[in-house]
Amino acid sequence: MSICNAVVDWSLGEGKFLAGRYSRAHQLSFDGGAVLAGSSSPAVVPAPWSDPAGVDPEEMFVASLSSCHMLWFLDYARRAKLAVAAYRDQAEGVMEKDADGRVAITRVTLRPAARFTGRQPDASELEALHHAAHDACFIANSVKTQVTVEPILSPEEV
């Protein structure tokens, strides 16, 4: 068993809470020392009550799936003796009503591209690496969201 920790700090400041006129900006702190500015999405709560510069929960959700996939992909590539020089994923989440009529991130598409030095994997080996990474990803294994991996086979700008 492993424990994951995050601290979320928010305070009212000068807002009018009961009137709904308060900032949704907050701070996210992680056990390694990283601190992020968080906020609700400006698409959900308009500025000035949200902070467009802050990372919203939906973005963090998509990023966590992408990051988890990448970490497993790098590990499986290393095990296959493939030297990854760079990796980039332009992941996208779709937020819409689910089958129960509730708004949810129903689909996430990962579009990972990796650049290798030395031996280059063929399309079949690359697909197998991504499949293994997806199966191993703790986050993908934890959600009901449909997660699709569409590897970029010939990356231009990785």
* Can you spot the lysines whose alpha carbon is less than 16 Å from Lys144's alpha carbon? Ignore those fewer than 8 places along the same chain. => Lys97
* What residue among Glu127, Glu96, Glu58 shows peak mean-square fluctuation when the chain is described by a Gaussian network model with Cα springs under 10 Å? -> Glu96
* Using the alpha-carbon atoms, what tilt in degrees (0 to 90, nearest 10) does helix 123-136 show relative to the longest principal axis of the chain? -> 40 degrees
* **Highest-fluctuation residue, Thr117, Thr109, Thr145 considered, GNM on the chain with Cα pairs under 10 Å** => Thr117
* Helical contribution to [θ] at 222 nm, DSSP H n ≥ 4, -39,500 (n - 2.57), averaged over the chain, rounded to 500 -> -8000 deg cm²/dmol
* Structure fact -> Cysteines of the chain without any disulfide-compatible partner (other Cys Cβ under 4.7 Å) are Cys4
* Just Leu12, Leu129, Leu74 to compare: in a GNM of the chain, with alpha carbon springs under 10 Å, which one fluctuates most? -> Leu12
* Once the Cα atoms of helix 57-79 and of the chain are each reduced to a long axis, what angle between those two axes, in degrees from 0 to 90 to the nearest 10, is obtained? -> 20 degrees
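Read-outs throughout are calculated quantities, based only on the coordinates presented, and are distinct from any laboratory measurement. Keep in mind that this is a model prediction, so the values were computed, not measured. Positions of Cβ are backbone-derived with ideal geometry, glycine not excepted, and every protein chain shown enters the neighbour counts.
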